[in-house]
Amino acid sequence: MSMEAAGWRPKSLLPKEDGAQATLLFVIAVLAFLASLAAIGAIASERAAEGWRDQLIGSATVLVRASGLESADAAAARAAETLAGVRGVAEARALDKSKGDALVARFIGPDPLPADLPVPRLVAVDFASANPASVADLRRALEADGLDATVEDHSLWTAQIMRTGALARWAAIGLFLLISGAAGALVAFATRQGLDARRDLVEILHLSGASDSFIARLFQTRFARMAALAGAGGGAAAALAAAGLHLYGKGQSVAAIMPVAWTDLTATLPCPIIAALIAAVTARVTAQAVLKNAP
């Protein structure tokens with residue numbers, strides 16, 4: 001009767017506790033930590049991009065230039081009143097002169113602007129959530145009122161934000177694949193080292209009727225359990241780090257750039273399962289390849 005048919009299982013082909021196993025456990029936990037942070041970062045970045053996009057789509061900025069004897073402030077106030085009456089506009093308000101000065105200062109430097117410099121005034125327009133006005137509607141209303149103004153619908157900024165969000169998403173996917181490959185390479189190396197270190201025991205198992213598949217399954221189970229433990233530890237550490245970022249980011253500028261929410265922490269839950277699957281598949285394939293090519 002073979003060992004498999006008898007249901008016999010050796011305790012392990014590897015020592016239960018050694019420095020190499022502890023090191024491998026630590027490295028896989030670190031990789032799981034980084035992968036979990038990448039997943040959380042991708043989700044938070046996607047949320048930030050969507051939030052910025054919604055804000056930009058729901059608003060417009062109008063640059064108003066004074067004409068004739070009308071002052072810039074009066075032209076901006078008249079433009080705001082005109083735009084507020086357009087159907088589909090929730091609110092239109094003239095912004096302080098300092099807003100326009102700040103835009104011009106980016107190009108001419110921090111020195112004070114000349115008092116007679118004709119700096120355009122800004123009017124912020126918020127669209128209604130239902131049946132919002134179009135940019136063409138705003139332009140027609142301004143032209144009808146005889147105002148010299150330019151409407152910016154933020155389409156350029158919206159496209160850039162969505163490209164940035166897509167880049168962050170693909171970067172996270174690439175990082176996950178890179179980390180998965182590194183974890184698989186570590187498990188493959190450890191499997192080969194384990195087989196080489198226990199070559200005598202492997203030969204005894206073969207003589208006792210154990211097949212290559214049976215021996216490979218032992219390595220598969222061993223490394224899957226270890227990777228699951230390391231993945232759980234790394235995922236938990238990433239969840240704690242993200243929770244700290246969430247708490248620290250309240251009221252800080254970091255919250256606008258990386259708005260981590262409590263629900264994002266659930267991205268770490270599959271970490272032990274994914275780590276175990278990667279380790280199990282890698283260990284089994286590697287063990288079977290080594291045993292097949294063994295003399």
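Values quoted throughout were computed directly from the atomic coordinates according to the rules given, and no laboratory measurement underlies them. Given the structure is predicted, the values throughout are model-derived calculations rather than measurements. Ideal geometry is used to build each Cβ from the backbone, glycine not excepted, and the neighbour counts take in all protein chains shown.
Structural remarks
- In this label model, S67 and W262 are separated by 5.5 nm, measuring between points 7 Å along each Cα→Cβ vector.
- Converting phi to 3J(HN,Hα) with the Karplus coefficients 6.51, -1.76 and 1.60 and the offset θ = phi - 60°, segment 179-194 yields 5, 4, x, 5, 5, x, 5, 5, 5, 4, 5, 5, 5, 4, 5, x Hz in sequence order, with x at every glycine or proline.
- Environment charge at A49 (Cβ cut-off 11 Å; Lys +1, Arg +1, Asp -1, Glu -1): +1
- Extension gain, F189 to R139, is 11.3 nm, computed as 0.36 nm per intervening residue step minus the present C-alpha separation.
- If you take all other residues with their beta carbon under 13 Å from the beta carbon of A224, and give Lys and Arg +1 and Asp and Glu -1, the sum is +4.
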